[in-house]
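Here is the structure we will look at, set down as C-alpha cells.
The values are calculated or read from the model by the stated rules, or taken from the named source; none is laboratory data. Quick caveat, the model's predicted, so the values are computed rather than measured. When we count neighbours, we look across all protein chains shown, and the Cβ atoms used for this are built from the backbone with ideal geometry, even at glycine. For accessibility, only protein heavy atoms count, side chains too; no ligands or nucleic acids. Shrake-Rupley method; radii C 1.70, N 1.55, O 1.52, S 1.80 Å.
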2 protein chains.
Amino acid sequence: MQEVTQLRKDAQTNGHQGSLLEKLRKLVLSGEFPPGAPLPELFLAEEFEVSRTPVREALKQLENEGLVEIRPKVGTFVRIPTRREIVELFQLKESLEGLAASLLARRGPVQEMEILKRNIEASERAERSADSARYAELVHEFHWTIVNGSDNSKLVEHYGRLMNQLAYHRIVLETVERPARMRASIREHQSVVDALLEKDPLGAELAMRGHVNASSLAAARGADAGAEA
Amino acid sequence: MQEVTQLRKDAQTNGHQGSLLEKLRKLVLSGEFPPGAPLPELFLAEEFEVSRTPVREALKQLENEGLVEIRPKVGTFVRIPTRREIVELFQLKESLEGLAASLLARRGPVQEMEILKRNIEASERAERSADSARYAELVHEFHWTIVNGSDNSKLVEHYGRLMNQLAYHRIVLETVERPARMRASIREHQSVVDALLEKDPLGAELAMRGHVNASSLAAARGADAGAEA
DNA sequence: GGGTAACTTCTTGCATGCATCAAACCTACG
DNA sequence: CGTAGGTTTGATGCATGCAAGAAGTTACCC
C-alpha cells in the first residue's frame with residue numbers, strides 16, 4: 001500500500017512533472033552533455049529515479065528523433081549532426097514552411113492573421129529596444145503560428161521532429177543571426193503576412209521560402225564563423 | 001483462427017531474419033490485422049518467440065511512426081488513419097517530392113537520370129502489356145529514385161516515415177489509380193525527367209508537384225469510390 | 001621496447017516477476 | 001427489467017537478474 005514513500009519523497013525533489021522522454025530530451029538539447037558524450041542507462045536511471053527499462057524506451061525514442069545515436073552493445077551517445085545534415089534540415093524547413101504558408105493562405109481570414117500582425121508589431125518593438133531574447137522568442141512563435149495555422153496535423157508533426165533536430169543548433173545559430181538580420185527578417189515576415197492577407201497561396205509560399213532561405217544562409221554563415229566554439 | 005497458425009508458421013520458417021521492428025511493421029502494414037485491432041504484447045512475444053520487452057520497444061517505435069496507437073494501461077492497436085490525415089500526408093508528399101526533384105535537378109547529370117529514363121521505358125512496356133503489378137512497382141521505384149537522388153538524407157528519412165504511413169492505403173489507392181491514370185502518369189513522369197535533364201530545378205519541382213497532386217486527387221477519388229471495402 | 005593475447009570491467013539486451021490499473025462481468029437491488 | 005456497485009480478469013508498466021559482447025588493461029612473449 002504505502003511502501004513507496006521513499007521513492008516519492010526523492011522524486012519530488014527533482015520535480016516529477018513531464019514524462020521521462022521529455023526530461024531526457026531536454027537534457028540532451030540543453031547541451032549539458034556535449035555532442036558525443038555517452039548516456040549510460042544506469043546513470044540516467046539513478047538520476048531520474050526509475051529503472052533502466054523506461055530509460056531504455058525513452059532513449060530509443062530519442063534515437064528515432066535523431067537526437068542520440070545508439071551503438072548496439074556499446075551505448076547511447078549524444079548525436080553530432082554534421083554540417084551537411086544542418087543544411088539538409090534547413091532545406092526541409094524551407095519546403096515545409098512554404099507548404100504551411102501556402103495552406104494557411106488558402107484558409108482565408110482566420111484568427112492566425114491577427115496573431116501574426118501583433119507578432120510583427122511586437123517584433124518591431126523588440127528590435128527597437130534591442131531585446132534580442134524577446135525577439136528570438138517572437139520569431140519562434142511566428143513560424144510556429146504559421147505551421148500550426150496550416151491546419152495540417154501531419155505537417156505539424158514532421159515540422160516538430162525537424163525543429164527538434166535543429167533545436168540544439170538554433171541556440172548558436174540564432175545568436176549569430178539575430179543582430180545582423182533583425183530588420184530584414186521583420187520585413188520578410190511582413191511580406192509573408194501581406195501575401196496571407198491577400199489569400200495568395202503561391203505568394204505566401206514564395207515569401208516564406210525566401211525568408212527561410214535567407215535565414216538559413218545567414219545561420220550557415222554564422223555557424224561557419226563560430227565553428228571553433 | 002487460421003490466421004494465427006499461419007503467423008506461427010511464418011515466424012518459424014522465417015526464423016530470426018530481419019529485426020523484430022521490421023517484422024512487426026510488416027505485420028501491421030500487411031493488413032492482416034484490421035485497423036483498430038489490438039496487438040497484445042504477450043501474443044506478439046509468443047508469436048515471434050521473444051520476450052515482451054523487445055516487443056514493447058518495437059511497438060513504441062511503431063507508435064512513433066504513426067502506425068499503431070498505444071493507449072496507456074490499455075493496449076496497442078492498429079492505427080486508423082482518417083481520411084483527413086490521408087489528405088494531409090499527400091500534401092506533404094507533394095511538397096517533399098517537389099523538393100527532391102528540385103535538388104536532383106541541381107545536381108546536374110548523374111546516374112539517376114539514366115535509371116529514370118530506363119524506368120519510363122519499362123513503364124511504357126508494362127502499360128502496353130497491361131502488367132499493372134509491374135507498373136506499380138516501377139512507379140514506386142521512380143519516386144524513390146528521385147527522393148534518394150536528392151542526396152538529402154534527412155529528406156529521405158522524413159519521406160520514408162511519410163510513405164510508411166501511406167503504405168497501408170497505397171495498396172488500395174494504387175489499385176484504383178492504376179488503370180485510369182497509367183498513360184497520364186507516364187507522361188507526367190516524362191516531363192519531370194525532361195526538366196531534370198535540362199537541370200531546371202524550378203521546372204522539375206513544378207512538374208513533380210503537378211504529378212503528385214494529380215495522383216493524389218485520383219487516389220482520393222478512388223478511396224471515395226472504394227470506401228465501402 | 002613493441003605487439004599481441006588473455007582478462008577485467010562496464011555496458012547493453014533480454015527474460016521474468018510483480019504491482020497497477022482499465023475494462024468487462026457478474027450480482028444484487030431498485 | 002435496468003442499473004449501480006463491487007469483483008474478476010487480463011493487459012500494461014516497471015524493477016530486477018542474468019548473460020553476452022565490446023572496450024580498455026594488463027601481462028607476457030618476441
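Worth a mention:
- The listed residue being open to solvent by 70 Å² or more (accessible area, probe 1.4 Å), farther than 30 Å from residue B:78 by Cβ and among the aliphatic types (A, V, I, L, M), out of B:126, B:122, B:130: B:130
- For segment B:57-72, the set of residues classified as within 8 Å of DNA strand C (Cβ to nearest atom) and either within 11 Å of chain A (Cβ to nearest Cβ) or at pLDDT below 95 (or both) consists of B:57, B:72, listed by residue number.
- Scope segment A:77-106; condition within 16 Å of DNA strand C (Cβ to nearest atom) and in a loop (DSSP other than H, G, I, E, B); matching residues: A:79
- The residue of segment A:62-76 that is farthest from residue A:39 (Cα to Cα), among those that are open to solvent by less than 20 Å² (accessible area, probe 1.4 Å) and in a strand (DSSP E or B), is A:68.
- Residue satisfying condition, being away from DNA strand C (no atom under 16 Å from the Cβ), open to solvent by 40 Å² or more (accessible area, probe 1.4 Å) and not assigned by TED's automatic domain parsing to the domain that holds residue B:165, within set B:34, B:109: B:34
- Number of positions in segment B:148-157 that are surrounded by fewer than 22 Cβ atoms within 10 Å (Cβ to Cβ) and either at negative phi or touching a Phe, Trp or Tyr at 6+ places or on another chain (Cβ under 8 Å) (or both): 4
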